[in-house]
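The values are calculated or read from the model by the stated rules, or taken from the named source; none is laboratory data. Every value quoted in this text rests on a predicted model; they were computed, and no experiment measured them. Quick reminder, even Gly has a Cβ in these numbers, built from the backbone with ideal geometry, and neighbours come from all protein chains shown. The accessibility values were calculated without ligands, DNA or RNA, using every heavy atom of the protein model including side chains. Shrake-Rupley method; radii C 1.70, N 1.55, O 1.52, S 1.80 Å.
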Amino acid sequence: MGKKSIFVPIIKYMQAHPLLYTTRKSHLTPYPLQGHINPLFKLAKLLHLRGFHITFVHTEYNIKRLLNSRGPKALDGLQDFHFETIPDSLPPTYGDGDVTEDAVSLAKSVREKMLVPFRDLLARLQDSSTAGLVPPVTCLVSDCSMLFTIQAAEELSLPIALFSPVSACALMSILHYRSLFDKGLIPLKGIHLI
């Protein structure tokens, strides 16, 4: 089984839903941390290989980091695979483009401030589609941590597939956290943990 098998259920899901698969225009939105970006980027590449037109939505901060690390032409030359940005709404003091942003501030910004810029991006892409410049927005594939994308999809009557980049072990821990807490198994206790 390789790592690619992780993505097969999403591809099969998209193939099983004619609107998602026949229009072949997807917008992928990862949570703006590296451990979330890389798996969704791999999925985007797999969908692109299957003939999908991809718009990969990054934060302005992370696109700068990508261009700093891979060079100014890192995003050039990919037909039907485009990058768009939205602001993360954090002040520039949280980094100069070479460090990871403060996770707590970033999480708050994702919850409170990213819906409007994302909605504006979708409207701009729709306007470009109407002008015949790009295919219409027909599907969203979003990191399950980017809950504002669900609201945007509902507002525009777009289908959305949520993607979880965490490992199976981490996902099971998250799903059973309340039960473990209720049973007193977490948080862990004992002198040996100090």
Most packed first (mean Cβ within 10 Å per residue), the peptides 38-47, 80-89 order as 38-47, 80-89
Taking protein heavy atoms only, a 1.4 Å probe, and rounding to whole percent, the accessible area of region 47-156 owed to carbon and sulfur comes out at 53
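Order of 124-137, 150-163, 174-187 by packing, highest average Cβ count within 10 Å first?
Descending mean neighbour count gives 150-163, 124-137, 174-187.
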Rounded to the nearest 0.05, FRET efficiency between ALA170 and LYS108 (Cβ-Cβ, R0 25 Å) equals 0.70
With 0.36 nm assigned to each residue of separation and the Cα-Cα distance removed, GLU60 to THR85 gains 8.5 nm
Note: ARG70 to LEU49 extended length (0.36 nm per residue) minus current alpha-carbon separation gives 5.4 nm
Taking 0.36 nm per residue of separation between TYR177 and ASP120 and subtracting their Cα-Cα distance, the length gained on full extension comes to 16.9 nm
Simple SL model, points at 7 angstrom along Cα→Cβ for LYS42 and SER128; separation in nm is 2.7
